[in-house]
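The values are calculated or read from the model by the stated rules, or taken from the named source; none is laboratory data. What you see is a predicted model; the values in this text were computed from it and never measured. With ideal geometry, Cβ positions are generated from the backbone for all residues, glycine too; neighbour counts draw on all protein chains shown. These area figures cover heavy atoms from the full protein model, side chains too; ligands, DNA and RNA do not enter into them. Shrake-Rupley method; radii C 1.70, N 1.55, O 1.52, S 1.80 Å.
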Amino acid sequence: MTHKPIFKKNDFLTNPELLSMPWHQSPFYKTLILNSNLSDTEKELCLEFSENGFVVVDLDIDSKFMDDLIKSLKEEKGSSYFYNPQTVRYFEAWKYSYFVRELALNKKVMKTLEVLYRRKPIPFQTINFVTASEQDVHSDTIHFHTVPNYWMAGVWVALEEMSESNGTLQYIKGSHKLPVMEFHKMNMKPPEWSHKAGGKEQIKYDTYEEFVKAIIEASELDRVKYIGPAGKAVIWAANTLHGGTKLIDKNKTRKSQVTHYYFKD
């Protein structure tokens, strides 16, 4: 029989557009990145992201901007949404805060995302934290994702110095390569959500969190915490497991902003 493929082996090894996923998820990521026309620094960044599922970037933003951002969260009464009594989170504050919107559109973040994904990033959601979330480790893909998969990223920016004591961010190295988990894979229908912690069908999400603990243990992946100064961003891939850590000092805040991004096309 005549062998007439649409694409040949070398095409897959050299053209990142042949698979419907970002090149960091491709089995050919090393060859694709090393053979690209990126600078050596950009190639190094893409390889780190491909292997770890996250990178840390210094945004060079000044302290006044960060202070103004935190103050702006309270400027419009009723614009904040408290997810639960213990955690102060402002959802979609970009709709009224110039500073939240500017951080979501930060030029260095946008440029870095474009290098990592080879597509123009489109921010679609912000969450601003004042206190620690202490949220169990999870993947963003359980909450919102794309078809085809993986065309999403999260960016967490420290708006104050982060330490072991204030419930800083943790992320699981290499977890972006794990299978994308959905409720039907755990033999459950997706839960009906409510805007109240412990609300409708919380038991299903609690079960998902237990699954995540099991897969981290079984896969023996490393936990990494962000310990460091304000003004740095952790950029993670759609399926990278991440969450809060235990708040040790109850008097400490954990001021930070998360922005989620989709990509053009």
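Side notes on the structure shown:
- When the stretch 18-65 is limited to residues that are of a type in the set (S, T, N, Q) and in contact with a His (Cβ under 9 Å, 6 or more places away or on another chain), the one that is nearest to K8 (Cα to Cα) turns out to be Q25.
- Looking only at residues of the stretch 216-257 that are open to solvent by less than 10 Å² (accessible area, probe 1.4 Å), in contact with a Gly (Cβ under 6 Å, 6 or more places away or on another chain) and of a type outside the set (G, A, S), we find that the one that is nearest to E48 (Cα to Cα) is W236.
- Subset tally (residues that are open to solvent by 10 Å² or more (accessible area, probe 1.4 Å) and in contact with a Leu (Cβ under 9 Å, 6 or more places away or on another chain)) for the stretch 45-58: 3
- V88 falls short of the stated requirement of being modelled with pLDDT of 95 or more, open to solvent by 20 Å² or more (accessible area, probe 1.4 Å) and touching a strand residue (DSSP E or B) at 6+ places or on another chain (Cβ under 9 Å).
- Any chance N187 is in contact with a Leu (Cβ under 7 Å, 6 or more places away or on another chain), of a type outside the set (A, V, I, L, M) and either open to solvent by 60 Å² or more (accessible area, probe 1.4 Å) or modelled with pLDDT under 95 (or both): no
- From the list E48, E75, E42, the one residue that fits, being assigned to a loop (DSSP other than H, G, I, E, B) and among the acidic types (D, E), is E75.
- The conditions of being at pLDDT below 95, in contact with a Phe, Trp or Tyr (Cβ under 7 Å, 6 or more places away or on another chain) and open to solvent by less than 60 Å² (accessible area, probe 1.4 Å) are not met by P123.
- Qualifying residue in the stretch 140-150 (condition: in contact with a helix residue (DSSP H, G or I) (Cβ under 9 Å, 6 or more places away or on another chain), without any contact (Cβ under 8 Å) to a residue 12 or more places away in the chain, over 19 Å from L69 (Cα atoms) and surrounded by fewer than 16 Cβ atoms within 10 Å (Cβ to Cβ)): no
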